[in-house]
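Heads up: the structure comes next, in structure tokens.
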Amino acid sequence: MPSSKKPKTPDTDIPFQYRRTSYEYDLPKELIAQYPLETRSESRLLHLDRNSGTIDHTHFSRLPALLQEGDLLIINRTRVIPARIFGKKPTGGQVEIFLLNHLEENRWECMVRPSARTRAGSRVIIGEGFEAIVHERTEEHNRVVEFIYEGDFWQTLDLHGKMPLPPYIEREAEEKDRQTYQTVYAGHRGSVAAPTAGLHFTPDLMDDLREMGVDFSEVILHVGLGTFRPVRTDDIREHQMHSEFCIVPPATAEAIRHAKSDKRRVIAVGTTSMRTLESFVSGGELQAGEKWTELFVYPGKEIFIPDGLITNFHMPGSTLLMLVSAFAGFENIMEAYRQAVEMRYRFFSYGDAMLIV
């Protein structure tokens, strides 16, 4: 009987820009930042000119010298929630519940561990006046969890939950991570990972930028665990992104239209801001609205809205590295990463930053 499996395409038959292996690079483990710097804006900043490929090295506090009057920075005002909860079944078995998406009222889509031993109907005691009932599996093989609590859910979650640090930060979340793994402008609860490019901004730096004529507008994208989902297909075009909820407010769409008509630069702060903007492009024009996006940006995809990007350094083989390669050019990005490794930049969420214009 013939196999129903799709024949595997040899890696060499896939165009270079679509090969997953093209986006691998060697990263010494000690360059993965485990803690943030004491002062956010003291992080280093690699400045890449995407047209010429020229690279300069400076610090994030020098950002005003690299921006122009009239630039419009688009920030993601999502807020990271303390999404990791630990409890026990009445029998004493330990259970970890990781909040992913709010479904309705007191029901969430969650990851539950150990999943196989936590059957539908299982009761989990989290703390005094805070319990959970684990229900059916979802299409993504997660679980629907119903929370039972007294008072305000967010206050209860703040009391019992832990910040969801990414897996490459090999330590338990500490109390100070509640502040440091959050942008200073965070506002709308819903993310399980920080929009890390924004972690470098301080209130003083934002005031300095406003004084020189740089404007800020907001979008919202609630970052999900799909941010860390590895690309497993040899051909990146076959990768399926997880859905994430995002919003472009009407005021932001209007501010961007004005900036474009005035020939002013629109600079996305973070890959999440860029994905949000590009998710709302229709006929080459930005629309306001809200939706669940599965947009995957990789080389060959046209980018319509941002003229610049502020971003951190991303994991080898990640969709985020593919996005910045689409924006700045594959060769430019690989050279920038080579220099960043050589010069001992700090990588990933608590690491250093890059400005691409």
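The values are calculated or read from the model by the stated rules, or taken from the named source; none is laboratory data. Note that the structure is a prediction, hence the values are computed from the model and not measured. So basically every Cβ, Gly included, is an ideal-geometry build from the backbone, and we count neighbours across all protein chains shown. Accessible surface is based on the protein model in full, side chains and every heavy atom, while ligands, DNA and RNA are left aside. Shrake-Rupley method; radii C 1.70, N 1.55, O 1.52, S 1.80 Å.
The overall shape of segment 33-72 is oblate: from the C-alpha gyration tensor, with semi-axes ordered a ≥ b ≥ c, the ratio a/c is 1.5 or greater and a/b is no larger than b/c. Distance between the 7 Å Cα→Cβ label points at residue 94 and residue 17: 4.8 nm. When the listed pairs 162/301; 263/291; 29/176; 260/301; 260/291; 162/291 are checked against a 30 Å cut-off, the alpha-carbon distance exceeds it for 162/301. Charging the Cβ of each Asp and Glu at -1 and of each Lys and Arg at +1, and nothing else, the dipole of segment 134-214 about its Cα centre rounds to 140 debye. With the contact rule set at Cα under 8 Å and sequence spacing of 6 or more, what percent relative contact order holds for the chain? 24 percent. The listed peptides 33-40, 167-174, 344-351, ordered by packing as a protection proxy, come out as 344-351, 33-40, 167-174 (highest mean of other Cβ atoms within 10 Å first). With a Förster radius of 35 Å applied to the C-beta separation of residue 52 and residue 263, the computed FRET efficiency comes to 0.95. Estimated from helices alone, the mean residue ellipticity of the chain at 222 nm is -5500 deg cm²/dmol (sum of -39500 (n - 2.57) over DSSP H runs with n ≥ 4, per residue). Solvent exposure of the chain amounts to 48 Å² per residue of accessible area, where only protein heavy atoms count and the probe is 1.4 Å.
Here each label is just a point 7 Å from Cα along the line to Cβ, and for residue 140 and residue 155 those points are 3.0 nm apart.
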